[in-house]
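Please read the structure below before turning to the comments.
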Amino acid sequence: MVKIFHLDDESFYLELTREIMMAYDGDIEIETSTSPAEAVERVKAAEPDCVLSDYRMPGMDGIEFTRRLREHSGVPVILYTHYSDEGVAREAFKAGVNDYVRKANDAEHFIVLLKRIRNVVDMHRMELEIRRRECPTATED
């Protein structure tokens with residue numbers, strides 16, 4: 001099971017994305033929020049395997065959300081946005097984003113998105129396992 005937390009200020013897009021992705025992959029669980037400030041707290045409490053975050057949101061953009069999340073968590077973050085700009089992507093990676101995916105509305109896009117989610121989750125899980133083996137007394141994220 002892969003637990004995903006999806007943050008987007010457009011509730012319709014959250015529901016659409018959830019329905020499509022769950023139809024393609026029955027081994028995922030998706031929690032959502034339209035509020036970046038609330039999402040920081042909920043992600044800390046829920047400990048998902050991956051966070052999808054929109055970029056442009058009122059009050060806090062996806063880059064600032066990632067910075068705040070990184071103060072408490074190493075959970076993989078994918079910036080998931082209609083906005084496409086190399087400068088934004090560069091700042092996002094500096095803030096700690098693991099991947100940058102441009103939104104699209106065709107069916108194949110969601111298959112690719114699910115694969116990108118699985119990739120960052122698998123990498124994160126492997127990194128945690130390596131750290132656990134190297135230092136068995138260390139705590140995880």
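For the reader, a short list of remarks on this structure follows.
- Segment 46-61, subset closer than 14 Å to Lys103 by Cβ and among the charged types (D, E, K, R), residue surrounded by the most Cβ atoms within 10 Å (Cβ to Cβ): Asp54
- Segment 62-101, subset in contact (Cβ under 8 Å) with a residue 60 or more places away in the chain and over 13 Å from Val40 (Cβ atoms), residue most open to solvent (accessible area, probe 1.4 Å): Gly74
- Within segment 107-126, the presence of at least one residue that is farther than 20 Å from Thr17 by Cα, among the charged types (D, E, K, R) and modelled with pLDDT of 95 or more is confirmed.
- Scan of segment 41-56 for residues that are over 18 Å from Glu10 (Cβ atoms), acidic (Asp, Glu) and assigned to a loop (DSSP other than H, G, I, E, B), ordered by number: Glu47, Asp49
- Within segment 10-22, residues that are under 10 Å from Thr34 (Cβ atoms) reach no partner that is surrounded by 13 or more Cβ atoms within 10 Å (Cβ to Cβ) and modelled with pLDDT under 95 with beta carbons closer than 6 Å at six or more positions or on different chains.
- Enumeration of residues in segment 102-126 that are farther than 16 Å from Asp54 by Cβ and open to solvent by less than 90 Å² (accessible area, probe 1.4 Å): Asp106, Ala107, Ile111, Val112, Leu114, Arg118, Val120, Val121, Asp122, His124
- Taken together, Gly87, Gly74, Gly59 contain a single residue that is outside any strand (DSSP E or B) and under 14 Å from Leu7 (Cβ atoms), which is Gly59.
- When residues of segment 1-37 are limited to those that are aromatic (Phe, Trp, Tyr) and open to solvent by 10 Å² or more (accessible area, probe 1.4 Å), the one farthest from His109 (Cα to Cα): Phe12
- Matching residues, segment 127-138, being more than 30 Å from Arg18 (Cβ to Cβ) and in a helix (DSSP H, G or I): Ile130, Arg131, Arg132, Arg133, Glu134
The values are calculated or read from the model by the stated rules, or taken from the named source; none is laboratory data. Remember, predicted model here, so these are calculated numbers, not experimental data. Methodologically, a virtual Cβ is constructed for each residue, glycine included, from the backbone with ideal geometry; neighbour enumeration extends over all protein chains shown. Just the protein is used for accessible areas: all its heavy atoms, side chains included, with ligands, DNA and RNA removed. Shrake-Rupley method; radii C 1.70, N 1.55, O 1.52, S 1.80 Å.
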